[in-house]
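Undergrad: Handing you a structure now.
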Amino acid sequence: MGKKVITEYDSEGSAIRTYESYDDPWGMPPTNSFFQKLTLTKLANKFGTDKGTTTGCCSGFTLLYEHYFEYSRHDKINILEIGLNNGGPEHGENNMNRKIEDFPSIRMWHEYYHKADIWGFDINALKTSDTDLERFRFFQGDQGSLDSYKDFKKVLKQVYNKTSEIFEIIIDDASHAFYHQQLSFINLASLVKIGGFYIIEDTHWQPNEDKTKPGQGRAVFDFRLLPETVDTTTLFDNGGENRAGEGRPLVPNSTSANERFKQLRPEIYNDFVKMREKFEVLDRKPWLDDLWRYPIGQLPKSNLILLRRKK
Ligand SMILES: C[S@@+](CC[C@H](N)C(=O)[O-])C[C@H]1O[C@@H](n2cnc3c(N)ncnc32)[C@H](O)[C@@H]1O
């Protein structure tokens, strides 16, 4: 991450102007042409992650990531994604021992960030450790287990000789259970470098919400089986009121989400708040200036939490 020379192009591909981008890309205006834009989204669609615009729920998160990440795509950064392939135990207990055959979003990051080290963390094992991705490293762990975080940090210590400020980007796309999201944030967010990003995806969905679908067993991480907590989104909305969906633990309107969180989970509340103070919540909505860049009718969904580590 650092100062960059940026060239803007018109729709014909001719250079309009060249200038230095900010050291701190926070607040950096959208700078890229249609031709430079959407690369991450194209890769998402090519490899079939639902962060793109053609697979599964088509969250379009990559449309938003293009805006924040493009300035660093040629840097030798470190990325960690928790949750590698759809169909894990968050969808049914019989998936606990499945083997991960592919990792579409890891492939996407690997190609987009062509110099980066890409780490993957998942509860399921890989089918084979033999992959064609030379900068990919895998750790098998459970985001609900404190031991997994300890072991993961031991591995990081061996590689980087430290256990904090290692990653430019961490993405939590694992079970999506609020309790898990909160544990991961407490245990992993200190691994984000100053100025780096911590992202929690798919905040609208809880494990077992789709249990009625044919073939779906009861999810191992059914949110009703985990310690009760509040909707993670509310904890990053300035203590706003809970907007929990149907069947989720409801916070009465009169009680702030923070207070309710403290009541329900006193053992993690302080650590959570301390960590949250180190981060800024970024805008999840597209900028007006950016709208013309998106494929017709396609906007990124806003059910994610985008955080940036403060200086
Ligand atoms: C939504 S999928 C990930 C999709 C992938 N990131 C993509 O964009 O294509 C969720 C993944 O999280 C993993 N997972 C579920 N519960 C987990 C847990 N408690 N700890 C770690 N990983 C978990 C599942 O095995 C599954 O691979």
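Every number here is computed from the coordinates shown, using simple stated rules; none is lab data. Predicted, not measured: the structure shown is a model, and the values here were computed from it. Virtual Cβ from ideal backbone geometry, glycine too; neighbours counted across all protein chains shown.
Undergrad: Long-range amide H contacts for V192: which residues qualify at under 5 Å (H placed 1.01 Å from N, peptide plane, sequence gap of 5 or more or a different chain)?
TA: E165, I166, F167
Undergrad: Using r as the Cβ-Cβ distance of D283 and T128, and R0 as 45 Å, what FRET efficiency do you calculate, to the nearest 0.05?
TA: With a Förster radius of 45 Å, E is 0.65.
Undergrad: Multiplying the sequence separation of E165 and F139 by 0.36 nm and subtracting their Cα-Cα distance, what value in nm do you get? Intermediate values should be presented prior to the final figure.
TA: Values: separation 26, 0.36 × 26 = 9.36 nm, distance 1.81 nm.
Extra length available between E165 and F139 comes to 7.5 nm.
Undergrad: Now for a different question. Would you mind checking which residues have amide H under 5 Å from F136's amide H? H placed 1.01 Å from N; only 5 or more apart, or other chain.
TA: Close amide H contacts, sequence-distant or interchain: I118.
Undergrad: Provide the gained length on full extension for the span C58 to V273, in nm with one decimal, where the gain is 0.36 nm per separating residue minus the Cα-Cα distance. Don't jump to the answer; show the numbers that get you there.
TA: Numbers: separation 215, 0.36 × 215 = 77.40 nm, distance 3.18 nm.
My answer for the length gained is 74.2 nm.
Undergrad: Where does each of E201, E209, E101, E134 land when they are ranked from fewest to most other beta-carbon atoms within 10 angstrom? Numbers along the way, then the final one.
TA: On the way: E201 25, E209 18, E101 11, E134 7.
Ascending Cβ contact count within 10 Å gives the list E134, E101, E209, E201.
Undergrad: Here's something else I'd like to know. If you rank L146, L64, L264 by fewest surrounding Cβ atoms within 10 Å, what's the result? All intermediate terms of the calculation are to be shown ahead of the outcome.
TA: Working: L146 11, L64 28, L264 17.
Listed from fewest to most nearby Cβ atoms, that is L146, L264, L64.
Undergrad: Between Q263 and N94, what is the spin-label point distance in nm, taking each point 7 Å from the Cα along the Cα→C-beta axis?
TA: Modelled inter-label distance: 4.0 nm.
Undergrad: Assuming R0 = 25 Å, can you tell me the calculated FRET efficiency for the pair K76 and Q158, based on Cβ-Cβ distance, to the nearest 0.05? Walk me through the numbers before you get to the answer.
TA: Values: r = 19 Å, r/R0 = 0.77.
So, using R0 = 25 Å, E works out to roughly 0.85.
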